[in-house]
Amino acid sequence: MTTSLKRLLLMNVSSSVIFNYMGIFINLFIWEKGQSIFDVAWFNLVMFIAWALAFMYGAKLLARFTIGAVIRVSALCAGITFVLLSWVHVEPKLLYLTLIALPVGITNGLYSAAQNIGISLFGKGKEFTAFFSATNVFGQLIAFLNPLLFALIIKWIGFSGSFLVMFLFIGVMIAVSFYIPRISLKEAGESVFENFSIRHVFATPSLKWMIPSLIAGGFFIQFQGIFSLIFTFSVTNDKLTIALLQIMYTAFTVACVFVYQRFSRTHRISDSRWLTFGMIAAAVGFLLVLFPKPSILIISNVLTTIGLFFFFTIWSSRQFMASNHLTPVQQARFLVWRELILVISRIVMLALILGITDFNGIVFKAVMIFSFSSALLIPFFSSKSDATMKKAND
């Protein structure tokens, strides 16, 4: 692996620590203020609106600046987030949650644009394969150690102290961003937003079938994502226990990786069957939520975690295969639209979740059935996309 890629790997590690913290502990910080589903849903709703706008702007910035420059802006927004969390407390609560959510969303949106669009320009050499393998290993280690480390830090010096610790990782992220490969979309010769209509971007039949799949996937991912956290927070108020539960869910994900890789090498189980299995596991997990006892909620999270792994692994790989033939700028357009469709569907789901007050109410059950139905449609849309792509190649 070249020195540049090693530096990019270091930056990815520091950013993964930041985003893992944001995903768990900022939501926990908000939950502890009032144990309100509405508060957590509102924070995430505003965050994803900011995420979508920042992702589009990030794609535009990459036509003029390198991925390092965009990542530095993302890191500065992360710094603003922790300044607000540490020293700003305003009323009403919705304004406070909005002020926090905006820089979090901008941080994620800009970084996603730099990561997804910028890295697609690297190419697919052996060193790039080694880079992604190393990224995956470090990502799993961070998912294991980060929750435990920061749970201990929060128990020792409180949330405010943990916010200050995050500035160390933000500093590493900014410093290393000056030394990563200086790549951008300048060489593409045309703007990402030229011929940007959805009709032009999703031009082939296989890509068109991806649109409803992305919409349904966004609903499913968001429902599972927010309630896996809320269920965990509902089980216990102890931060160390919450961290250990998050580590347990990660352990099940790692186990799924080994099982999937072993059976995929022998082709004993097709990807379509893995996808169906994932949807069934998630569906059973959803149904268990109707019995909101602590042990049942933990089992529900385990099943939906397993389901989400198989869903996301196969679903994402099929999207990559369908778009792999595109030029860099065409792939950038596809990635922007993909992100927008996913984020918009997640926003719709969060808007529905705003009306939920408890796990026994009719609103929760209705939203759960809607998410469950969306999840079951994904294998159908995915198979239609595969079939049209195969037909076009024959």
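The values are calculated or read from the model by the stated rules, or taken from the named source; none is laboratory data. From a predicted model like this one, the values you see are computed outputs, not experimental measurements. Don't worry about glycine lacking a Cβ; one is built from the backbone with ideal geometry, like all the others, and counts go over all protein chains shown.
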Notebook entry, point to check: Under the condition of being of a type outside the set (S, T, N, Q) and out of contact with any Gly (no Cβ under 9 Å at 6 or more places or on another chain), which residue from the stretch 160-170 is farthest from Arg7 (Cα to Cα)?
Noted result: Gly161
Next item on the list: Just one of (1) within 16 Å of the chain's Cα centre (by Cα); (2) of a type outside the set (Lys, Arg); (3) surrounded by fewer than 19 Cβ atoms within 10 Å (Cβ to Cβ) trips up Ala52, so point out which.
Entry: (3)
Notebook entry, point to check: Can you tell me how many residues in the stretch 192-220 are among the small types (Gly, Ala, Ser) and in a loop (DSSP other than H, G, I, E, B)?
Noted result: 2
Notebook entry, point to check: Restricting the search to the stretch 330-341, which residues are surrounded by fewer than 21 Cβ atoms within 10 Å (Cβ to Cβ) and aliphatic (A, V, I, L, M)?
Noted result: Leu340
Notebook entry, point to check: Among the helices (runs of 4 or more DSSP H) confined wholly to the stretch 1-76, which include 2 or more residues that are within 15 Å of Ala114 (Cβ to Cβ)?
Noted result: 3-21, 37-61
Notebook entry, point to check: Out of Val46, Val73, which single residue is touching a residue at least 12 places away in the same chain (Cβ under 8 Å), more than 19 Å from Val343 (Cα to Cα) and in contact with a helix residue (DSSP H, G or I) (Cβ under 7 Å, 6 or more places away or on another chain)?
Noted result: Val73
Checklist line | Output for the stretch 55-69, where each listed residue is more than 15 Å from the chain's Cα centre (by Cα) and under 26 Å from Leu97 (Cβ atoms) | finding: Met56, Tyr57, Gly58
Notebook entry, point to check: Does the stretch 172-179 include one or more residues that are outside any helix (DSSP H, G or I) and either at pLDDT 80 or above or over 17 Å from the mean Cα position of the chain (by Cα) (or both)?
Noted result: yes
Next item on the list: Of the numbered conditions (1) within 30 Å of Ser36 (Cα to Cα); (2) within 14 Å of the chain's Cα centre (by Cα), Arg338 fails exactly one; give the number of that condition.
Entry: (1)
Margin query: Within the stretch 261-284, take every residue that is in contact (Cβ under 8 Å) with a residue 60 or more places away in the chain and small (Gly, Ala, Ser) and give me the one that is surrounded by the most Cβ atoms within 10 Å (Cβ to Cβ).
Written below: Ala282
